[in-house]
Amino acid sequence: MKRLGTDCVYLDISHKPADFVRGHFPTIHAKCLELGIDITREPIPVVPAAHYTCGGVMTDHRAHTDITGLYAIGETAYTGLHGANRMASNSLLECLVFGELAAADITRRFDSEPAPPPIRPWDESRVTDSDEEVVVSHNWDELRRFMWDYVGIVRTNKRLARARRRINLLRHEIREYYSHFRVTNDLLELRNLADVADLIITSAYRRRESRGLHCTQDFPSRTKASASRPC
């Protein structure tokens, strides 16, 4: 898809008898029919799943990360239990187990944690309601598109550099918008998504190996030194 610039590739099972297809893949057959695709007679457009951005945040056996007060569980975490590609049932089991371990640890630590600082009064006297909501929706679409195209499953430094230029511009536009108009949930979520995208791009650009789902064509091999987890 990256090489050809296409939106999808095609999976074809139409050479099999229709009864075979309906019998072996009833759910897929029914869903594709809802979308106007008869897989007994025509190919299925397919794309990689966003699941392949899972994993990577290292934790100990209580779900601690190396940031005080931040816990990670499930697909986002690297606990060492189920390897580098832990989707569906495996990550669900981790979520249940580590969710309970994290909750117990939070309960144990809660009373000794310092209280958060007071929230400053919110001043809306110098902002107005936005008359350009299209900026938020456009930036949202742009972020989703260039992250998919440039920071997807198979990465290169060239594509990551393009993504970095775009995320820098996008974050500047979001800050400017944030300063002039009343804050909305959509704007806050867009700001947070842009911050996470910036972290992903920066981390991927600094990587000098391919490990698990983090694959780069510039550094296809895994380094011998194994990453250590906080304890």
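The values are calculated or read from the model by the stated rules, or taken from the named source; none is laboratory data. Model, not experiment: these values are computed from the prediction. Note: ideal-geometry Cβ built from the backbone for every residue, glycine included; neighbour counts use all protein chains shown. For the accessible areas, the whole protein counts, side chains as well, though only heavy atoms, and no ligand, DNA or RNA atoms are used. Shrake-Rupley method; radii C 1.70, N 1.55, O 1.52, S 1.80 Å.
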Förster radius 30 Å - calculated FRET efficiency between residue 60 and residue 173, Cβ distance, rounded to 0.05: 0.20
Residue with peak Gaussian network fluctuation, the chain [Cα springs, cutoff 10 Å], from 220, 45, 117: 117
Nearest-0.05 FRET efficiency for residue 198 and residue 134, computed from C-beta distance (R0 22 Å): 0.45
Of all DSSP beta bridges in the chain, antiparallel share, percent nearest 5: 50
Largest to smallest principal axis extent of the C-alpha atoms in the chain, angstrom: 68, 49, 37
Given charges at beta-carbon only (K, R positive; D, E negative), |dipole| of the chain in Debye: 1340
Residue among 29, 214, 61 with the largest mean-square fluctuation in a Gaussian network model of the chain, springs linking Cα atoms under 10 Å: 29
Low-density loop positions, trypsin sites (Lys or Arg not before Pro), segment 133-231 - DSSP coil, at most 16 other Cβ in 10 Å: 182, 208, 222, 224
Additional length obtainable on full extension of the chain from residue 4 to residue 156, 0.36 nm per residue less Cα span: 53.1 nm
Whole-number accessible area per residue in Å² for the chain, which is evaluated in the context of all protein chains at 1.4 Å: 70
Folded to 0 to 90 degrees: helix 157-180 orientation relative to the chain principal axis, Cα: 50
Within straight-line cross-link reach of residue 2, aspartates and glutamates at Cα separation under 15 Å, skipping those fewer than 8 residues along the same chain: 149
For a label point 7 Å along the Cα-to-beta-carbon line of residue 37, residues of segment 3-26 with backbone N under 11 Å: 8-13
Residues with amide H under 5 Å from that of residue 72, placed H, sequence gap 5 or more: 65
Qualifying lysines (Cα of each under 28 Å from Cα of residue 16; at least 8 residues distant if same chain): 31
Degrees, to the nearest 10: 89-110 long Cα axis against longest axis of the chain: 10
Long-range HN-HN contacts of residue 2 with modeled amide H, under 5 Å: none
Nonlocal amide H pairs with residue 9, under 5 Å, H built at 1.01 Å: 46
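Which sequence of 97, 57 reflects their accessible areas, 1.4 Å probe, from the largest down?
The ranking, largest first, comes out as 97, 57.
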Solvent exposure, largest accessible area first (probe 1.4 Å, DNA, RNA and ligands not counted), of 46, 21: 46, 21
With every protein chain in place, segment 136-218: carbon and sulfur % of accessible area (1.4 Å): 50
In Å², nearest 10: area of residue 1 left accessible to a 1.4 Å probe: 60
Helix-only mean residue ellipticity at 222 nm for the chain, each DSSP H run of n ≥ 4 adding -39500 (n - 2.57), per residue, nearest 500: -15000 deg cm²/dmol
Carbon and sulfur %, accessible surface of segment 1-73 computed with the full protein complex present, 1.4 Å: 60
